[in-house]
Amino acid sequence: KSSVQTIGEEQIQNPYTELLVLKGHQDIVRFLVQIDDCRFASAGDDGIIFLWNAETGEKLFELHGHTHKITAITSFSSSEEKKHLILTASADRTVIVWDCTSGRQVQKVSCFHSTVKCLTVLQRLDVWLSGGSDLCVWNQKLDLLCKTSHLTDAGISALIELPKNCVAAAVGKELIIFRLIAPNDESEAWNILEVKRLVDHQDNILSLVNVNDLTFVTGSHVGELIVWDALDWTKQASECNFWDSSVHSDAQPEIKLSQSPNETSVQHLTSDEECVFAAVGKGIYVYNLQMKRVIACQRTAHDSSVLHIEKLPNRQLISCSEDGSVRIWELKEKQHLPAEPVPTGFFNMWGFGRANKQANQASKKMQETTPVYFLELVGDLIGHSSAVQMFLYFGELGLATCSADHLVILWKDGERESRLRSLTVFQKLAQNGNLQLKV
């Protein structure tokens, strides 16, 4: 029997009661990227890129140019021409720039020695980076400005921008810090310098995310989360045993002799200024940056690995999984009454299970001052028949998800859509003169 939390048909806090199924892809859809407030692109293993209207579900363009699967995609705005563009990389070892307004191919680069696995736009420097076996710097006209020497066969799997013209690149289990040198009075050429290698991870880095200008976070295949200083690249904090994490949870942990790497793997990270939200194996963990510890978790949030997680503007989280489910969670604080008896096993889970008086006093003080949080399941979106790869949140326009079932689904707020339909009907009646108001 699965230990995953379930929710009934009465999902009062789940607004997404309508869905639009967007068809067109012929293989796994792995990527969604937002273009503007109401447009997004989807791409995957069929090598085709589709542009969609997030409000209506209308297919705007179907972009053909790659011969193999898409491996990376990003959007950016051209500062000179004020156009919305998208960059796509493929296993065919090419990168293409597309114009989102016309759907046309702007430029294509075919000089790569290996597949480009990640793309990052540095708006401030007006350049973009491609990561594979090399790190390359390009201008918006796709002129190669500079590149590193061959790194490893594994290559760069993730890139983020750091302060002071630096970037962090995940290369296997290493984190490499590069500095970009822009042209100046002494040199007319761009340059890229390797300034530091961080080797604190024991296994491959799977997720790399910025928290703010001062902090970034990495997560590895064996369940290590490390918080880094973005200015001097020192380790600020780490969490290495999520499954054994001492946070109090309603779900009883399963008794196992050992955990397989897939169950502890940090698949995805996201963050706000206060917390890091980690998709670890089948579970979701909330790591507070100030307290430097996990404050809430749902160890078995899904039946299979969680592939993507995002924090919404409210206190809600959305997660999607290999099991085909998309779930909405709310981070809540537990309310303890002053006279409420504490269960005997409670302090053991927090690591305070010692018999001496001093420890008991410390635990009592901890209970009084430390809020206890938990993740409550408030919505379950059933629509995909295979692994949901990722999603995009469009505010009041809803949610877009993509899956291995070749589909993109737009999830809509049922009440909002009903109001809009009613408004449309009234407007048409008023225009036709058929609307008569009786006083």
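The values are calculated or read from the model by the stated rules, or taken from the named source; none is laboratory data. This one's a predicted model, so the numbers in the text were calculated from it and none came from an experiment. Using ideal geometry, Cβ is built from the backbone for each residue, glycine included, and neighbour counts are taken over all protein chains shown. Each accessible area value is taken on the protein alone, full model and side chains, heavy atoms only, with ligands, DNA and RNA left out. Shrake-Rupley method; radii C 1.70, N 1.55, O 1.52, S 1.80 Å.
Just so you know, in the stretch 279-327 the residues that are of a type in the set (D, E, K, R) and under 16 Å from residue 239 (Cα atoms) include one that is least open to solvent (accessible area, probe 1.4 Å), and it is 299. The combined condition, being of a type in the set (A, V, I, L, M, F, W, C), touching a strand residue (DSSP E or B) at 6+ places or on another chain (Cβ under 9 Å) and without any contact (Cβ under 8 Å) to a residue 60 or more places away in the chain, is fulfilled by residue 49. Selection over the stretch 216-229 of residues that are open to solvent by 20 Å² or more (accessible area, probe 1.4 Å) and either modelled with pLDDT of 95 or more or farther than 20 Å from residue 305 by Cα (or both) gives a count of 1.
Taking the options 395, 383, name whichever one is at pLDDT 85 or above and at positive phi. Walk me through how you get there before you give the answer.
Working: 383 fails: at positive phi.
Only one candidate qualifies: 395.
Within the stretch 60-88, the set of residues being more than 16 Å from residue 29 (Cβ to Cβ) and open to solvent by less than 30 Å² (accessible area, probe 1.4 Å) comprises 65, 74, 76, 78, 85, 87. Inside the stretch 245-271, residues that are under 17 Å from residue 371 (Cβ atoms) and either at pLDDT 55 or above or not acidic (Asp, Glu) (or both) make up a count of 5.
Of the strands (runs of 3 or more DSSP E) lying entirely inside the stretch 1-103, the ones with 3 or more residues being more than 29 Å from residue 416 (Cβ to Cβ) are found at 70-77, 84-90, 95-99.
Out of curiosity, is residue 44 touching a residue at least 60 places away in the same chain (Cβ under 8 Å) and farther than 22 Å from residue 413 by Cα? Quick ask: steps written out before the conclusion?
Values: touching a residue at least 60 places away in the same chain (Cβ under 8 Å): yes; farther than 22 Å from residue 413 by Cα: yes.
When the stated conditions are applied, residue 44 passes them.
All conditions but one from (1) within 27 Å of residue 268 (Cα to Cα); (2) of a type in the set (A, V, I, L, M); (3) in a loop (DSSP other than H, G, I, E, B); (4) in contact with a Leu (Cβ under 7 Å, 6 or more places away or on another chain) apply to residue 116; the one that does not is (4).
The residue that is surrounded by the fewest Cβ atoms within 10 Å (Cβ to Cβ), counting only those in the stretch 147-205 that are of a type in the set (S, T, N, Q) and over 19 Å from residue 117 (Cβ atoms), is 184.
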